[in-house]
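Here the structure is laid out as C-alpha cells; the discussion comes afterwards.
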Amino acid sequence: MDLSVVIPLFNEAPSLQELFEALRNSLERLGKSYEIIFVDDGSTDPSFSILKSIHAAHPQVSVIKLRKNFGKTAALFAGFAETHGEVVLTLDADLQDSPEEILPLLKRLEEGYDLVSGWKLERKDGLVKRISSKIFNRVVSFASGIHIHDFNCGLKAFRREVLHELELYGEMHRFIPVLAGWRGFRVGEVAVKHFPRRHGKSKFGADRFLKGLFDFMAVMMLVKFIKRPLHLFGILGLSIGALGLAINLYLTIGWFLGRWIGQRPLLILGVLLMIIGIQTIFFGLLAEMTNFLSNKTETPSIAEILRKK
C-alpha cells in the first residue's frame with residue numbers, strides 16, 4: 001500500500017460525499033495504491049450513515065465509529081492503528097483544505113523530508129481564530145525550535161516510520177511536528193490553499209486556549225526536558241526557594257538588630273516560598289514523569305469498524 005489517508009470527523013455530514021469524491025479523484029490521478037480511513041468521532045448527525053454508504057460502494061474505504069466524542073487526538077490514534085500505507089496523510093473533513101494539495105506535500109516528502117505540514121498562508125477563518133492561531137504558531141516555533149508556520153494544519157503527510165514513533169495523548173495532535181522533530185525526523189512545510197467553511201460549525205471554542213496552553217507546557221516538558229527534567233523544575237524550584245530564603249535572611253538580620261518578627265506576615269511568606277520551592281523540585285518532576293509513562297493516550301472505545309473489502 002502506497003498511501004493511507006486518515007480523516008477524523010465530528011458532525012460533518014453535509015461535506016462527506018463531496019470530500020470523498022474530490023479526494024478519490026485526486027488520489028486516482030497519482031497512480032498509487034491507496035486506502036481512505038474515516039474516523040467518526042462520536043457524531044450525532046447522519047455522518048456515519050453516509051460513511052456506511054461510501055464504504056459499501058468503495059472497497060478502498062474503511063470507517064471507524066467511536067462510541068463518543070473522544071477528541072481529535074484519540075480519533076487520529078484510532079485511525080493510525082488501521083493504516084497500511086508507506087506514507088500516511090491526514091485531512092480534515094470540513095472542506096477547508098483541498099485534496100488537490102496532497103500532491104505538493106508528497107513532492108516535498110520526496111525531497112528528503114519525513115513529515116510535511118500544510119501552511120495555510122491565507123486563512124479563511126474569523127479574526128479571533130486567525131490572531132490566536134498566529135500567536136500559537138509563533139510561540140510554539142520559538143519555544144520548540146521547529147521552524148514552520150502552521151503546526152495545527154489538518155493537512156499533513158509523513159512517512160510510516162514517523163507514525164511508529166509518535167506518542168499522542170490529550171490534545172497532542174497540534175504538536176505532531178514538534179514530537180517528530182524531537183525524535184530527529186526532518187520536518188518541512190508547503191503553503192496550501194485554505195477555503196471558508198461551507199457546512200456546519202467550527203469546533204473552535206474558548207476552551208481550546210486553556211487546552212492548548214496546558215498541552216504546550218506538557219509537550220515542552222517532554223520534548224526539551226524529558227531527559228534532564230531538573231533543568232526545568234530545578235531552576236523553577238530554586239528560584240522560588242531562593243526568594244523565600246532572601247526574605248527569611250532579611251527578617252533574620254532584622255531580628256539580630258532587635259526587631260520583632262514573630263507577627264510579621266512576611267515571615268510566613270518566606271517560609272512558604274521555601275517549602276513550595278522544594279516541593280516543585282521533587283513533586284512536579286515526579287507527577288509529569290508518571291503521567292508520561294503511564295497515560296500515553298486515552299484508548300477510545302470503538303463501537304464498529306467497517307474495514308476495506
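Considering only the stretch 1-45, state which residues are at positive phi and among the polar types (S, T, N, Q).
Asn11 - this is the single residue of the stretch 1-45 that is at positive phi and among the polar types (S, T, N, Q).
Considering the stretch 1-35 alone, what residues qualify as being assigned to a loop (DSSP other than H, G, I, E, B) and of a type in the set (S, T, N, Q)?
Hits for the stretch 1-35 are Asn11, Ser33.
Got a sec? Which helices (runs of 4 or more DSSP H) wholly within the stretch 137-235 have at least 1 residues that are within 24 Å of Asp114 (Cα to Cα) and modelled with pLDDT under 75?
Qualifying helices (runs of 4 or more DSSP H): 207-224.
So which of Gly118, Gly112, Gly79 ends up being within 27 Å of Glu165 (Cα to Cα), small (Gly, Ala, Ser), assigned to a loop (DSSP other than H, G, I, E, B) and in the same structural domain as Arg197 (by TED's automatic domain parsing)?
On the way: Gly118 fails: assigned to a loop (DSSP other than H, G, I, E, B); Gly79 fails: assigned to a loop (DSSP other than H, G, I, E, B).
Going through Gly118, Gly112, Gly79 in turn, just one is within 27 Å of Glu165 (Cα to Cα), small (Gly, Ala, Ser), assigned to a loop (DSSP other than H, G, I, E, B) and in the same structural domain as Arg197 (by TED's automatic domain parsing): Gly112.
Give the residue, chosen from Phe38, Phe70, Phe48, that is of a type in the set (Phe, Trp, Tyr), part of a loop (DSSP other than H, G, I, E, B) and either more than 22 Å from Gly188 (Cα to Cα) or touching a Phe, Trp or Tyr at 6+ places or on another chain (Cβ under 6 Å) (or both).
Step by step, each of Phe38, Phe70, Phe48 is checked, and only Phe70 is of a type in the set (Phe, Trp, Tyr), part of a loop (DSSP other than H, G, I, E, B) and either more than 22 Å from Gly188 (Cα to Cα) or touching a Phe, Trp or Tyr at 6+ places or on another chain (Cβ under 6 Å) (or both).
Asn137 is checked against (1) over 17 Å from the mean Cα position of the chain (by Cα); (2) surrounded by 15 or more Cβ atoms within 10 Å (Cβ to Cβ) and fails just one. What number does that condition carry?
(1)
With the structure loaded, tell me whether Tyr34 is surrounded by fewer than 24 Cβ atoms within 10 Å (Cβ to Cβ) and within 20 Å of Leu179 (Cα to Cα) or whether it fails that test. Walk me through how you get there before you give the answer.
On the way: surrounded by fewer than 24 Cβ atoms within 10 Å (Cβ to Cβ): yes; within 20 Å of Leu179 (Cα to Cα): no.
No; evaluated as a whole, the condition is false for this residue.
Go through (1) within 17 Å of Leu238 (Cβ to Cβ); (2) modelled with pLDDT of 80 or more for Phe256 and report which single condition fails.
Among (1) within 17 Å of Leu238 (Cβ to Cβ); (2) modelled with pLDDT of 80 or more, Phe256 violates only (1).
Test of understanding: among Leu257, Leu238, Leu245, Leu267, which residue is within 44 Å of the chain's Cα centre (by Cα) and farther than 30 Å from Met221 by Cβ? Show your work before the answer.
Working: Leu257 fails: within 44 Å of the chain's Cα centre (by Cα); Leu238 fails: farther than 30 Å from Met221 by Cβ; Leu245 fails: farther than 30 Å from Met221 by Cβ.
Going through Leu257, Leu238, Leu245, Leu267 in turn, just one is within 44 Å of the chain's Cα centre (by Cα) and farther than 30 Å from Met221 by Cβ: Leu267.
Taking the criterion of being on the phi < 0 side of the Ramachandran plot and in contact with a His (Cβ under 8 Å, 6 or more places away or on another chain), would at least one residue in the stretch 154-173 satisfy it?
No, the conditions are met nowhere in the stretch 154-173.
For Lys129, indicate whether it is modelled with pLDDT under 85, assigned by TED's automatic domain parsing to the domain that holds Asp92 and either in a strand (DSSP E or B) or among the basic types (Lys, Arg) (or both).
So Lys129 fits the description; yes.
Answer with yes or no whether Phe151 is loosely packed, with under 14 Cβ neighbours inside 10 Å and among the aromatic types (Phe, Trp, Tyr).
So Phe151 does not fit the description; no.
The values are calculated or read from the model by the stated rules, or taken from the named source; none is laboratory data. Only a predicted model underlies this, so the values are computations on that prediction, with no experimental measurement involved. Glycine also receives a Cβ, built like all others from the backbone with ideal geometry; neighbour counts cover every protein chain displayed.
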